[in-house]
1. Grab the beta carbon distance between residue 9 and residue 45, set R0 = 41 Å, and tell me the FRET efficiency rounded to 0.05.
2. Compute the distance from the alpha-carbon center of the stretch 84-115 to that of the stretch 1-36, in whole Å.
3. When the chain is treated as a GNM, springs tying every alpha-carbon pair under 10 Å, which of 31, 66, 42 comes out with the largest mean-square fluctuation?
4. State, to one decimal in nm, how far the label point of residue 35 lies from the label point of residue 90, with both points 7 Å from Cα in the Cβ direction.
5. Could you check which residue among 78, 103, 44 shows the biggest mean-square fluctuation in a GNM of the chain with a 10 Å Cα cutoff?
6. Hey, rough spin-label estimate for residue 2 and residue 69, points 7 angstrom out along Cα→Cβ, what's it come to in nanometres?
7. With Rg and Dmax of the Cα atoms in Å defined as stated, name the option among (1) 16.6, 62; (2) 17.8, 60; (3) 17.0, 59 computed from the structure displayed.
8. Using just the Cα positions, wrap the stretch 52-115 in a convex hull and report its mean projected area in square nanometres, one decimal place.
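Rule-based calculations on the coordinates, nothing more; no lab input. All values derive from a computational prediction rather than experimental measurement. For neighbour counting, all protein chains shown are included, and Cβ atoms are generated from backbone atoms with ideal geometry for every residue, glycine included.
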Amino acid sequence: MLTFTPADYEAIGLSVKVAVTATLLSLPVGFLLSYILTYGLFRGKLLLEVLINLPLTLPPVVIGYFLLLLLGRHGWLGGMLEAAGIRIIFTWKAAVIASAVVGFPLLVRSIRIGM
C-alpha cells in the first residue's frame, strides 16, 4: 500500500494551493478576454489572439526564463517590487504566476468554446 510522509503531504498541499490560486487569478481576465475575442469586432483582434496563445508556442523554458528576467531582482518589474520590499522570485507566488501564464491560453480557449 502507498504511504505518504509529511513531506509528501506538504508537496501535495503546495501543488493544490498553487493550482487553485492560479486558476482563481486567471478566471476574471480569462472571461473578459474570451468574451472580447468571441463577440468583439475590432482592429487588432488577431494580434490579441497571438499574444494570448504565445505561451503555447514557446517552450516552457523560454517562458520561465522570461519570467525570471521580468521578476528577478534586477528585472523590469522585480526591481520595483524589490524596492517596495516585495520578493516574488523563488516563492510559491512565483509558481502561481508561472502556472497562470502557461495555463492562461488553455483557459481562454476553453471558455471561448463554451461561449
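1. Details: r = 46 Å, r/R0 = 1.12.
With a Förster radius of 41 Å, E is 0.35.
2. The distance from the Cα centre of the stretch 84-115 to that of the stretch 1-36 comes to 10 Å.
3. With Cα springs under 10 Å in the chain, the top fluctuation among 31, 66, 42 is at 42.
4. Placing both labels 7 Å along Cα→Cβ, they lie 4.1 nm apart.
5. 44
6. 3.9
7. So the calculated entry is the one marked (3).
8. 4.9
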